[in-house]
Amino acid sequence: MEKSIESIWKQGFLKGDTLAAPKVNNLYNQKSKHVIEKLKRMFRKNLIIIMIVATFFLTGFIYTGVPVAGILVFLLLSWLVWHSKRHIKSLDQIDNSKDSYQYLKAFDNWLRDMISKYVRVYRFFYPIIILVITVGVLYSTPRPILDKSIIEIIIERSNPVMVLGMPLFYILGAIIYAGLFGVFAGAVFRYDVKIIYGRVLKKLDEIIADMEDLRSPYITKN
C-alpha cells in the first residue's frame, strides 16, 4: 500500500479535506477539552480548600485568644484566592476557536507563565504567613489543653532571653524557617503543583507530544 495507516492518520490530523481529518481532529478536540476542563475544576476546588483553611485559622486563633493573627492569616489567604481568581479569569483571553494543538499550546504557555509568576509571589507569601502563624501560636492559649499562653509557659520554664517581648530562640527559629521557605519557594511551589495537578499535567504533556509527533513529519516534508 502506498499510504500506511500511520501516514493517513498524520495527514488526517493536519488536513481538513481528508476523510480521516474529522475523526482525528474530533478525538484530539475531546481530549483537549477534557484535560483543560478538569484542570479548571481542580483550580476552583483548590481555591475553595484554601478558603476553608483560612476560615479554620481565623476560628482557631480567635478561640485561642489571638484574633489579630487569625484575621491576618485569613486576609492573606483571601488575597491569594482573589489573586488566583484574577489569573484564572485570564484564561478566557485564550482564543478557543483555534485548532486543538494551538489551543493546548496557548494553555500550556499560560500555565508556565502562571507558575513562574506564582514562584515570585510565594517568595514573599510563604515567609510572611509562616511568621504570622508562628507568632500567633506563640501567644495562643490552646484550650482546654493549656490554661496559659505558650509564651507564658516558655518564660516560666526556661527564662529565655527576650527580644521585643518574644523568646530570642523562637524569633531566630521562625526567621530561619521562614527564610528557607522564601529561598526555596520555587521548589516548594512546584512540588505542591506536582502533588495536586501532576497526573493531569502529565496527560496534557502527553497529548501535546502526540500532536507534535503527528505534525512533525508533515511539517518537515512541507
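Please treat every number below as a calculation from the coordinates, not as lab data. Note that the structure is predicted; figures quoted are calculated from it, not measured.
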Using the Karplus curve 6.51 cos²θ - 1.76 cosθ + 1.60 with θ = phi - 60°, what ³J(HN,Hα) values do you get for each residue of region 58-67, in whole Hz, with x for Gly and Pro? 4, 5, x, 6, 5, 5, 8, x, 10, x
Counting only residues 5 or more places away or on other chains, whose amide H sits under 5 Å from the amide H of Ser140 once H atoms are built in the peptide plane? Ile150, Ile151
Per its Cα gyration tensor (rounded if a/c is under 1.5, else prolate when a/b beats b/c, else oblate), region 119-172 is best filed as oblate
